[in-house]
1. For segment B:7-105, list the helices (runs of 4 or more DSSP H) that sit wholly inside it and hold at least 3 residues that are touching a residue at least 24 places away in the same chain (Cβ under 8 Å) and closer than 25 Å to B:A138 by Cα; which are they?
2. Can we say A:I61 is more than 26 Å from B:R266 (Cα to Cα), over 9 Å from the mean Cα position of the chain (by Cα) and within 9 Å of chain B (Cβ to nearest Cβ)?
3. Take A:V16 and decide whether it is free of Cβ contacts under 8 Å to residues at least 12 places away in the same chain and in contact with a Ser or Thr (Cβ under 7 Å, 6 or more places away or on another chain).
4. Just for segment B:204-231: of the residues that are under 23 Å from the mean Cα position of the chain (by Cα) and not in a strand (DSSP E or B), which one is nearest to the other protein chains (Cβ to nearest Cβ)?
5. Could you grab me the full set of residues in segment A:19-40 that are at pLDDT 95 or above and either among the polar types (S, T, N, Q) or more than 10 Å from the chain's Cα centre (by Cα) (or both)?
6. Tally up the residues in segment B:130-149 that are without any contact (Cβ under 8 Å) to a residue 60 or more places away in the chain, within 14 Å of another protein chain (Cβ to nearest Cβ) and in a helix (DSSP H, G or I), please.
7. Looking at B:T157, B:T180, which is the one that is assigned to a loop (DSSP other than H, G, I, E, B) and either at pLDDT 95 or above or within 8 Å of another protein chain (Cβ to nearest Cβ) (or both)?
8. Here is a check on your reading of the model: is B:R318 touching an Asp or Glu at 6+ places or on another chain (Cβ under 9 Å), closer than 16 Å to B:V269 by Cα and of a type outside the set (D, E)?
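The values are calculated or read from the model by the stated rules, or taken from the named source; none is laboratory data. Bear in mind that the values here come from a model prediction, so they are computed numbers and not experimental data. Cβ: placed from backbone, ideal geometry, glycine included. Neighbour counts: every protein chain shown.
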Amino acid sequence: MERVIELNGNQYDVPVEVGNVQELLGHLELADRIVIVEKNRNILSKDAFDQPIKDRDQIEIIHFVGGG
Amino acid sequence: MSSSKYSRQELFAPIGEEGQKRIREAKVFILGAGALGSSGAEMLVRAGVGQITIVDRDIIEWTNLHRQQLYTEQDVVDQLPKAAAAERRLKAINSDVDITGIVTDVTPQNIMELIDGHDIVLDATDNIETRLIANDAALKLGIPFFMGACVGSYGLTFPIGIQDDQPCLHCLLEALPSQTMTCDTVGVISPIVVTTAARQAADVLKYLTGADFEPKLESADLWTGDRASMNVASMKKAGCPSCSENAVYPFLSARESMRTAVLCGRETVQLSWPEGRTFDPLAFAESIHGTTTNLVKNEHLVACEYKGHRVVLFRDGRMLIHGTKEVVTAKKIAAGLLG
């Protein structure tokens, strides 16, 4: 099933192999980073990263970086 | 006429004359005089902040100039420390502001003394470890800490210590990451520096003028157009060692003896000695004159080439050894020069 979500304010077609938030982070090469994830305006704890991604979900991801 | 210097800022209704007075009374500590520090300091100095202290451990390099707006080619040739060059440039921009540049490495041992007495700490450091040290120190002293970081085309900001019920940086991070992306590993473009610094500065002005604002974790990527803004209040941890009632401020715990730090992505090792060991750069330059090449000296530091490495010794007793990631190699170089 095709799923189009809003990811960090932009429309995003979720690849077929990405089922949940953890897999999305892997796909975006953010799995090893410290990230904060919000799904449909709620902050997700790490143990909720297995939540499935559904069509029209709103997801925001902020990862920490070192520079400045 | 100097009295008209802030007229357009005062015309902006949320600031007004009263807001300008509050800005004028503020004492701001800027942690780092690199990219974010340059940009943030220039905005706050032009805005007419009363007092600014800007601290940095490093010297200006060619690779800095595309994004560190306070510096010039001549500053690189002169091997000036960033804090000294920043002080000079900022004073030229606005003589109303009391500006002090301090050339030193911010550590758990000195940070409390450095930031005490300021109303705000502006984050412009280049690594998460120092951010966590600053987070602890600012929380301990009750000073708001305006976090900011950027690499590539991506940046994030988060004001800490604005509201009692908000999380601190330690709450958000849980664990110290083993490695994060830095400007020296993935590069950086100046627009994200200015954008990130502008968000920090806007939050600082809102705070200083007493505006009602909600501290949010925000990010932007100027290349992809990605953006995020989160209310992270739910992430405050009841037992946080940095911001709970029983805080122990773990990142302020003292470390002893000579410290070494491999500067991420830079092939540079920093050696620093316990408090109290300082060097006279000019006397040191005299002593190594015969054994080194490309010797450059000024009142802040001595730089030279020695055994294939570029070496910089600062007055405060720190030495940077470029061209190696090996602490052992760096210590041998230091021993060769200092005995």
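1. Those helices (runs of 4 or more DSSP H) span B:16-25, B:35-47, B:82-93.
2. Spelling it out, it is not the case that A:I61 is more than 26 Å from B:R266 (Cα to Cα), over 9 Å from the mean Cα position of the chain (by Cα) and within 9 Å of chain B (Cβ to nearest Cβ).
3. No, not satisfied.
4. My answer is B:K216.
5. A:G19, A:N20, A:Q22, A:N40
6. Number satisfying all stated conditions: 1.
7. Result: B:T180 is the single residue among B:T157, B:T180 that is assigned to a loop (DSSP other than H, G, I, E, B) and either at pLDDT 95 or above or within 8 Å of another protein chain (Cβ to nearest Cβ) (or both).
8. Yes.
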